[in-house]
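Written below as structure tokens is the structure these notes are about.
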Amino acid sequence: MRTTRVAALALAANQKTRASMIRNIALDTLFQILVVAEQGSFHKAASLLGVKTSTLSRRIHELEARIGVSLFQRHRHGVRPTDAGRIFFEKMQRIESDLDSVLVNARAAGRGESGWLRIGLYVSLSTGPLRDALLAYAERFPDVEISVVDESRGNLMERLNSGALDIVIVNGQVRYGAHDILPLWNEDILIAMPDGHPLSQQDTVTWDDLRHERILFSSRDPGPELHNALVAGLNGAGVLPTILQTSADRDTVIGFVALRRSVTLLYASSAGVVHPGVIYRKLSGPHRTLPVRSIACWHGRNDNPALRQFLSLLRDEY
């Protein structure tokens, strides 16, 4: 037990000594010494560095005294590294390279040119303005790692509140709460129907055209949101369509339409995925539910530089 304690105390004392040594050495002196080694002369190095030869010589002499080893052999025509000096300079060159990389990366991260951006959404990226915005951002900032979470609106807002997401893109109304918001583009609502369906002969379809249809909705987002839009669009009057529910995701619901048993509603951003036997028509009407506004939500206290750059792009483009 005593031996272990003595060893621990010796290690701690050694670490303290090394830390003290490092604190007492100026960083610029360490890199000035590399210039001396490259030039092989105090005079040439001092001229490049813009300091007096005597000042540079004194600094290096003090460093050699502090670390207890000679780094240079002095001779009439200049200096050359000692064996210890060569090892020192090799290590210092690596440190210089690593430090340059650290500084460059830190500068890039501070400007939002690198790092990460975590986005939450429940709409498709197959087409539309959101896809275009992410493509433009990825092209402008290729060193930023973009991650996308596709979940329900409730789960996305919980993740945003906990700090697990930087920004959430949703459609329709949101409770502002502690979030900052940015209204974005309008998202059209489409109807997906089997190829050859009677409504396919029309360029656009109205809410009233849906009254005699079997309409399939997913219980997952944005299914409930689209169902509410349908109810608002029909205004609860007259003949109402047959509503079917499924727990399948949006792509499966659209694919199910090809079986010619129902139609479904979707946001235009989901129409970039090709489903054989399914065609899309724009849904139109006099009601305010068309089109739906997309909104970006984030916490104003989030200081992620990558988020600031993404918001700047959204403001400029949309």
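Details
- The magnitude of the dipole of region 116-167, with charges of +1 and -1 set on the Cβ of Lys/Arg and Asp/Glu and taken from the Cα centre, is near 120 debye.
- Label point distance in nm, Ala164-Asp249, each placed 7 Å from Cα along Cα→Cβ: 1.7 nm
- Ser284 long-range amide H proximity, modeled H, under 5 Å: Val205, Thr206, Trp207
- Relative to the current alpha-carbon distance between Glu90 and Ala138, full extension at 0.36 nm per residue lengthens the span by 13.5 nm.
- For region 189-290, a crude dipole built from +1 on the beta carbon of Lys and Arg and -1 on the beta carbon of Asp and Glu, taken about the Cα centre, is about 100 debye to the nearest 20.
- For Ala237 and Asn302, the difference between the fully extended length at 0.36 nm per residue and the C-alpha to C-alpha distance is 18.8 nm.
- A protection proxy built from the mean count of other Cβ atoms within 10 Å ranks the segments 256-266, 49-59, most packed first, as 256-266, 49-59.
- Residue (of Met193, His212, Ser247) at the positive-pole extreme of region 189-290, dipole from beta-carbon charges: His212
- Distance between region 221-245 and region 111-150 - C-alpha centres, whole angstrom: 32 Å
- For Ser47 and Arg74, a Förster radius of 22 Å and the Cβ-Cβ distance give a FRET efficiency of 0.75, rounded to the nearest 0.05.
- Nearest-0.05 FRET efficiency for Arg315 and Ser200, computed from C-beta distance (R0 41 Å): 0.60
- Scattering profile of region 159-254 at q = 0.14, 0.23 Å⁻¹ [log10 I(q)/I(0), Debye over alpha-carbon scatterers]: -0.68, -1.34
- Each Lys or Arg adds one and each Asp or Glu takes one away; over the other residues whose Cβ falls under 9 Å from the Cβ of Pro129, this sums to -2.
- Gain upon complete extension [Arg211, Val148; 0.36 nm per residue less C-alpha separation]: 19.0 nm
Since every read-out is calculated from the coordinates, none of them should be taken as a lab result. These numbers come from a predicted model, not from an experiment. So basically every Cβ, Gly included, is an ideal-geometry build from the backbone, and we count neighbours across all protein chains shown.
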